[in-house]
Amino acid sequence: MTVPETATERLPSVDPQTFRKVMGSFASGVTIVTTCDAEGRPRGFTCSAFCSVSADPPLLTSGVSSHSSTLRAIRECGRFAVNVLDSRGREVSQLFASRAVDKFARVRWRPGEASGMPLLHNTVAHAECELHEAVPAGDHTLLLGRVIGGGAEQDRLPLAYWRGGYARLL
Ligand SMILES: Cc1cc2nc3c(=O)[nH]c(=O)nc-3n(C[C@H](O)[C@H](O)[C@H](O)COP(=O)(O)O)c2cc1C
C-alpha cells in the first residue's frame, strides 16, 4: 500500500479484538487511582493505563473510562492520587475493579501528606496530583495530573499485568 502525499481520507479503524490484542501485549503495572467525593468519602478504581507525560512541570496521565463513577469525583475534587501496587496486590486490584461500595473498608490506607487523597498500603510507589486537565479521548478521558508529592519503596516488586492476567517480575 502506498502512502498518499496528503492523507485526506479517513481510514477505517482496526477491529476491537485486534486493538485489544495489540494493547494487551504491552506489559504494564497496576495502579489504584484514588480521590475523595463531595462528601469527603474515599473513592477509587483500578487503572493500568498510566504513564509519565512531562518532567517540567511534572505531569502524568491516567486513562479513565467515561463510564467510571470515580471520574466525576476526580473532576469535582480537582485532586487524585496514583497508587502503584506491589506484587501482593492482586486482590486489591480486583476489589477496586469492582463496583463494591466498601472498597476502602477492606484495605489499609491513609490520607496523603501533600493532597489529602487516599494512599494505600502495599504499594511500590505513589504520586499525589492536582488535576491539571481532563482531556476527553474517545470513550475515555485522559487525566493529566501535576505531581505535588510522591515516593517509592526500593525493596518491593510491582504487580505486573499482561495479556489479561497478573504476573510477577521475578
Ligand atoms: C488490571 C485492570 C486494569 C484496569 N485498567 C483500567 C484503566 O486503565 N482504565 C479504566 O477506566 N478502567 C480500568 N479497569 C477497569 C476499572 O477498574 C473498572 O471498570 C472499575 O469498576 C471502575 O470503577 P468505578 O466505576 O467505581 O470508577 C481495569 C481493571 C483491571 C482489573
Cα-centre dipole for region 29-154 with unit charges at Cβ (Lys and Arg positive, Asp and Glu negative), debye to 20: 400
Roughly how many nanometres apart are two label points built 7 Å out from the Cα toward the Cβ at Leu169 and Leu11? 3.6
Potential lengthening between Arg106 and Arg90 on full extension [0.36 nm per residue; Cα-Cα distance subtracted]: 4.4 nm
Rounded to one decimal in nm, the spacing of the 7 Å Cα→Cβ label points at Ala137 and Glu153 is 2.9
Given 0.36 nm per residue, what is the gain on full extension from Glu113 to Asp56 after removing their alpha carbon distance, in nm? 18.3 nm
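Just flag the chymotrypsin sites (Phe, Trp or Tyr not before Pro) in region 1-103 sitting in loop per DSSP whose Cβ has no more than 16 other Cβ atoms within 10 Å.
Answer in residue order: Phe26.
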For Leu120, the accessible surface traced by a 1.4 Å probe with all protein chains present amounts, in square angstrom to the nearest 10, to 10
State the extension gain, in nm to one decimal, for the chain segment bounded by Phe26 and Glu39, taking 0.36 nm per residue of separation less the distance between their alpha-carbons. 1.0 nm
List every residue whose amide H lies under 5 Å from the amide H of Val124, counting only residues 5 or more places away in sequence or on a different chain, with H placed 1.01 Å from N in the peptide plane. Val84, Leu85, Asp86
Geometric extent, Cα atoms of region 28-77 - Rg, Dmax (angstrom): 11.8, 33
Rounded to the nearest 500, what is the chain's calculated 222 nm mean residue ellipticity when only DSSP H runs of at least 4 contribute -39500 (n - 2.57) each, over all residues? -4000 deg cm²/dmol
Take every Cα pair under 8 Å in the chain that's 6+ residues apart, average their separations, divide by the length, and report that relative contact order as a whole percent. 25
For the Ser66, His121 Cβ pair and Förster radius 30 Å, calculated FRET efficiency rounded to 0.05 is 0.50
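May I ask you to give the average projected area over all directions of the convex hull of the Cα atoms of the chain, in nm² rounded to one decimal?
Average projection, Cα convex hull of the chain: 12.5 nm².
For region 23-109, rounded, prolate or oblate, judged on the Cα gyration tensor with a ≥ b ≥ c (square roots of eigenvalues), a/c < 1.5 rounded, else prolate if a/b > b/c?
It comes out oblate by the Cα gyration axes.
The values are calculated or read from the model by the stated rules, or taken from the named source; none is laboratory data. Quick caveat, the model's predicted, so the values are computed rather than measured. Methodologically, a virtual Cβ is constructed for each residue, glycine included, from the backbone with ideal geometry; neighbour enumeration extends over all protein chains shown. With ligands, DNA and RNA removed, areas are computed over all heavy atoms of the protein, side chains included. Shrake-Rupley method; radii C 1.70, N 1.55, O 1.52, S 1.80 Å.
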